[in-house]
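S.K.: I have a structure here, written as structure tokens, and I will follow up with some questions on it.
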Amino acid sequence: MFDTARKLINDANKIVVIQAENPDGDSLGSSLALEEILSDLGKDVVLFCAIDIPKYMHYIKGWDRVVKDWPVDRELAIIVDTTSKALLLKTFEIPGVIHFMESHPVVAIDHHQGVESDLPFEHTVINDVTAVATSEAIYKMATEAGWEINQQAAENMFLSIQADGLGLTTQNTTADSYRIAAELVALGANPSEIEQRRREYMK
């Protein structure tokens with residue numbers, strides 16, 4: 001499932017990671033995790049979202065690195081947590097973006113069941129419908145490729161899985177979700193510190 005995406009990532013040096021226009025804990029956590037993992041591989045990564053990151057997510061370290069100005073010098077785009085054109089309309093309205101998507105490789109990483117991609121350009125899709133969050137798919141791709149997952153990437157993926165799995169309580173949470181969450185804790189994610197930070201921010 002990951003072979004083509006891994007090759008495209010390995011071949012690119014400058015990468016933009018794009019969130020949909022309904023950013024949530026999974027899309028932000030997945031984007032930040034990719035930034036960490038790909039930066040450790042020597043990639044130059046820009047995080048992009050066409051709208052502001054909602055204030056309730058400002059407890060997530062790195063949210064302020066997401067930009068609204070389209071980077072014009074990228075070689076590869078990675079779209080996280082969606083394959084829906086309707087959730088990227090503001091992005092596609094930016095001059096030059098559709099041309100970029102049509103003339104550069106694009107990878108879309110998602111996990112939603114029953115959703116067919118309608119992105120209007122050629123792209124490589126990873127849609128892991130067994131995953132409770134996009135970060136599960138990213139974790140699987142990274143471990144299969146032998147890419148390092150540092151402490152901050154582990155934290156980002158853990159909170160992503162926690163967010164979309166509502167604390168690992170949703171019906172689509174699986175044994176794999178718990179196993180991956182445990183492995184992320186072993187890699188340095190600190191659930192109590194994350195939750196304390198979230199509660200302090202909510203005050």
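The values are calculated or read from the model by the stated rules, or taken from the named source; none is laboratory data. Because the structure is a prediction, the values reported are computed rather than measured. Here Cβ is always computed from backbone atoms with ideal geometry, including for glycine, and neighbour counts include all displayed protein chains. Accessible surface is based on the protein model in full, side chains and every heavy atom, while ligands, DNA and RNA are left aside. Shrake-Rupley method; radii C 1.70, N 1.55, O 1.52, S 1.80 Å.
S.K.: Which log10 I(q)/I(0) values does region 20-106 give at q = 0.17 Å⁻¹ under the Debye formula, counting every alpha carbon as one identical point scatterer?
M.R.: Here the Debye-derived log intensity ratios amount to -0.71.
S.K.: Past the 18 Å Cα-Cα mark, which pairs from Lys14/Lys61; Lys55/Lys140; Lys14/Lys43; Lys7/Lys43? Please list the in-between numbers first.
M.R.: Values: Lys14/Lys61 22 Å; Lys55/Lys140 30 Å; Lys14/Lys43 6 Å; Lys7/Lys43 14 Å.
The pairs that break the limit, which is 18 Å between Cα atoms, are Lys14/Lys61; Lys55/Lys140.
S.K.: At Glu200 and Met1, where each label point lies 7 Å from the Cα along Cα→Cβ, what is the point-to-point distance in nanometres?
M.R.: Distance between the two pseudo-spin positions: 3.6 nm.
S.K.: Please report the carbon-and-sulfur percent of the accessible area for region 50-159; probe 1.4 Å, protein heavy atoms only, DNA, RNA and ligands left out. List each step's numbers first, then the result.
M.R.: Values: 2510 of 4880 Å².
For region 50-159, the apolar C and S fraction of the accessible surface comes to 51 percent.
S.K.: Tell me, what is the Rg over Rh of region 1-60, with Rh the Kirkwood radius over Cα pairs?
M.R.: Numbers: Rg = 12.5 Å, Rh = 12.5 Å.
On the Cα set of region 1-60, Rg over Rh gives 1.01.
S.K.: Given the convex hull of the Cα atoms of region 61-122, what is a quarter of its surface area in nm²? Walk me through the intermediate numbers first.
M.R.: Values: hull surface 19.9 nm².
Dividing the Cα hull surface by four gives the mean projection, 5.0 nm².
S.K.: Specify the inter-centroid distance of region 150-203 and region 15-56, based on alpha-carbon positions, in whole Å.
M.R.: 17
S.K.: For region 32-74, state the semi-axes of the equivalent ellipsoid (square roots of 5 times the eigenvalues of the alpha-carbon gyration tensor), sorted largest first and rounded to whole angstrom. All intermediate terms of the calculation are to be shown ahead of the outcome.
M.R.: Working: eigenvalues 76, 45, 5 Å².
Ellipsoid half-lengths, sorted descending, are 20, 15, 5 Å.
S.K.: In 5 Å bins starting at zero, report the fraction of Cα pairs in region 138-203 per bin as a rounded %.
M.R.: For region 138-203, the binned pair fractions read 4, 17, 27, 25, 16, 8, 2, 1, 0 percent.
S.K.: Starting from the Cα of Asn172, step 7 Å toward the Cβ, then list every residue of region 26-53 with an amide N under 19 Å from that point.
M.R.: Only 26-31 fall inside the zone, counting backbone N under 19 Å.
S.K.: Working with all protein chains in place, sort Lys43, Lys203, Lys85 by solvent-accessible area computed with a 1.4 Å probe, largest first.
M.R.: Values: Lys43 25, Lys203 180, Lys85 85 Å².
Correct descending sequence by accessible area is Lys203, Lys85, Lys43.
S.K.: Also, I was wondering about something else. Could you work out the Rg to Rh ratio of region 51-155, with Rh taken as the Kirkwood radius (inverse of the mean 1/r over all Cα pairs)?
M.R.: 0.96
S.K.: Per residue, what accessible area does the chain have, given a 1.4 Å probe and all protein chains present, in Å²? Spell out each step's value before the answer.
M.R.: Details: 9160 Å² over 203 residues.
Computed with neighbouring chains in place, this is 45 Å² per residue.
S.K.: Show me the three semi-axes of the equivalent ellipsoid for the chain, from the C-alpha gyration tensor (sqrt of 5 times each eigenvalue), largest first, rounded to whole Å. Show your work: numbers first, answer last.
M.R.: Values: eigenvalues 124, 68, 56 Å².
Working through the eigenvalues yields semi-axes of 25, 18, 17 Å.
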